[in-house]
Amino acid sequence: MFGKEGKRTDYTPYSCMKVILSNAPSQGDHHGCPFRHNDPELLKQKLQLYKVSPSGISQILELVKGMHYQLACQKYFELTHNIEDASFSLNHPNQYFIESQKVLGGGKDIKREMDTSQRSQENGVTKGSVPARETPANASQDLAEMTEDLDSFFQDA
């Protein structure tokens, strides 16, 4: 629902804090934070489905139990991307995607197209969020297949 259709306005997607603090999705909705808005048992089943190790699942569920949803997301990112300690803090769903693309793409930076509204966002209008980026039109098919599970995780939430 974001983009430049209809009245040609570019809306900025919500940051993690806005998504976490907003109302939970109702039946039939496909948005929200999977760590905040899923029942812990359902979250555990999804993590098992995505082949997260049992110790990783318990670490994530402990963070969720302590209401540290962004840290749980960070831990999920580290476990699913096989990195020890991420050198960044996740604050926005777009940032998750961007960092995932960097890891899966071997550290290649993603093409960045910024318009005026995104520049104003970077200048502090909405703190804690990252501007949206677009992948190049000629992105490899292998990269798309590797991120398919990641995409379905957030769509299933």
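The values are calculated or read from the model by the stated rules, or taken from the named source; none is laboratory data. Only a predicted model underlies this, so the values are computations on that prediction, with no experimental measurement involved. Backbone-built Cβ (ideal geometry, glycine too); neighbour counts: all protein chains shown.
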Review point. Do any residues in the stretch 90-108 that are farther than 14 Å from E78 by Cα and hydroxyl-bearing (S, T, Y) have Cβ atoms under 9 Å from those of residues that are surrounded by fewer than 17 Cβ atoms within 10 Å (Cβ to Cβ) and at pLDDT 95 or above, where the two are at least six apart or on different chains, and which pairs are they?
Key: none
**Study point:** Tally, over the stretch 47-80, of residues that are surrounded by fewer than 17 Cβ atoms within 10 Å (Cβ to Cβ) and touching a residue at least 24 places away in the same chain (Cβ under 8 Å)
**Key:** 3
Exercise for review: Please report, ordered by residue number, the helices (runs of 4 or more DSSP H) entirely within the stretch 1-120 with at least 1 residues that are modelled with pLDDT of 85 or more.
Suggested key: 16-21, 34-37, 40-49, 54-65, 69-80, 93-104
